[in-house]
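In what follows, a single structure is set out as structure tokens and then discussed.
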Amino acid sequence: MSGHDGVPGAPGEATGGRLVLLGNAIVDLVMRVPALPERGGDIISQDTALTTGGGFNVLTAARRLGLPAVYAGAHGTGPFGDRVRADLAREGIEVPLPPITEEDTGFCVAFVDGGGERTFATSLGAEARLTEAHATAVLAAVRPGDLVQISGYGLAYPVNGPVLASLVARLPEHTRVFLDPGPLADQIPEAVLEPVLARCDWVSCNQREGRLLTGREDAREAAAALAARLGPRTGVLLRADADGCWLVPPGEEPAHIPGRRVTAVDSNGAGDAHTGAFLALLGHGLDLSSAVRGANAAAAFAVTRHGPATGPTVGELLDLLDGEPLAARLSSALGR
């Protein structure tokens, strides 16, 4: 089974099941600053916002494009946990696991500088406390045709990593598995990462993460090297910001899919918007090329908005693509 097999279906209906996220939805304290201060220095934030982020960004990006979504991660009891659950409910995202009663959900401080780049510091909470009982509940909740997304953040956590690796290895063959290794890619233990990579249908990462996983600086070379490491059953998407991405379908050569030139104001969540849109469009039965080009457009839209969860709605994505051949394909698949 490969992650690029789209199944045609009725317009507007997600034919690929649901997006089930094995990640972490946390609270982001986002601070906009002209530049990061020097070590030991200080700087005044131009704007500060408290939002739900982490895996929530992927879930909302997919949900806004019509794909049913499930947050299958842990969550805590307290003000941050309450906020995360309220935001998940607002977006229509299912939460099958009960809250962990003795700890609140964690949070992240995200600095967004004048160039739109972001820098993070994370405090772990209940989302980093997965148990085997949680894994058993998630496996029972997975349905045929689901698209399962795994976050490298969770794989890097000392408690979550082994639980998730074991869970992924037990996922039924009727699910398609997607991994975003994330900024901590080089901190994931090999004993955790390798069984996940062996089960993945797709791996999507940015250029820095591709370099960490392959040692290659050049985007095309990194995409090819990662595909060679993964084998012929697994596809690769290497996101290259405004340059679009490098696509390596399972068993094929790398191809460059151009991006869109926009004025970026905040790159926080752009990769998540790309991933969520890619999964949603595959779930709606679109062919691989259309799904990737739509994901590039969704990421371009996201960086023109402030905040981490800024993936476009169906209407916003179609407006961005107005007059392009891709717009007609998306409109038909998404029922617009």
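Yes or no: ALA255 free of Cβ contacts under 8 Å to residues at least 60 places away in the same chain and either in contact with a Leu (Cβ under 6 Å, 6 or more places away or on another chain) or open to solvent by 30 Å² or more (accessible area, probe 1.4 Å) (or both)?
yes
Which condition from (1) under 26 Å from LEU67 (Cβ atoms); (2) under 18 Å from the mean Cα position of the chain (by Cα) is the one that ARG208 breaks?
(1) is the only condition that ARG208 fails.
Run ILE100 past the list (1) under 19 Å from the mean Cα position of the chain (by Cα); (2) surrounded by fewer than 24 Cβ atoms within 10 Å (Cβ to Cβ); (3) among the β-branched types (Val, Ile, Thr) and report the number of the one that doesn't hold.
(1)
Looking at (1) in contact with a strand residue (DSSP E or B) (Cβ under 7 Å, 6 or more places away or on another chain); (2) surrounded by 22 or more Cβ atoms within 10 Å (Cβ to Cβ); (3) under 20 Å from THR175 (Cα atoms), which one does HIS284 not meet, given that it meets all the others?
All conditions are met except number (1).
Is it fair to say ASP180 is touching a Gly at 6+ places or on another chain (Cβ under 9 Å), under 16 Å from GLY55 (Cβ atoms) and among the acidic types (Asp, Glu)?
The answer is yes for ASP180.
Scan the stretch 103-119 and tell me whether some residue there is among the basic types (Lys, Arg), more than 29 Å from PHE301 (Cα to Cα) and outside any helix (DSSP H, G or I).
Scanning the stretch 103-119 turns up no residue that is among the basic types (Lys, Arg), more than 29 Å from PHE301 (Cα to Cα) and outside any helix (DSSP H, G or I).
In the stretch 20-64, which residue that is touching a His at 6+ places or on another chain (Cβ under 9 Å) and small (Gly, Ala, Ser) is surrounded by the fewest Cβ atoms within 10 Å (Cβ to Cβ)?
Step by step, filter the stretch 20-64, then rank; the result is ALA49.
The values are calculated or read from the model by the stated rules, or taken from the named source; none is laboratory data. These figures come from a predicted structure and were not determined experimentally. When we count neighbours, we look across all protein chains shown, and the Cβ atoms used for this are built from the backbone with ideal geometry, even at glycine. Calculation scope for accessible area: heavy atoms of the full protein, side chains included, ligands and nucleic acids excluded. Shrake-Rupley method; radii C 1.70, N 1.55, O 1.52, S 1.80 Å.
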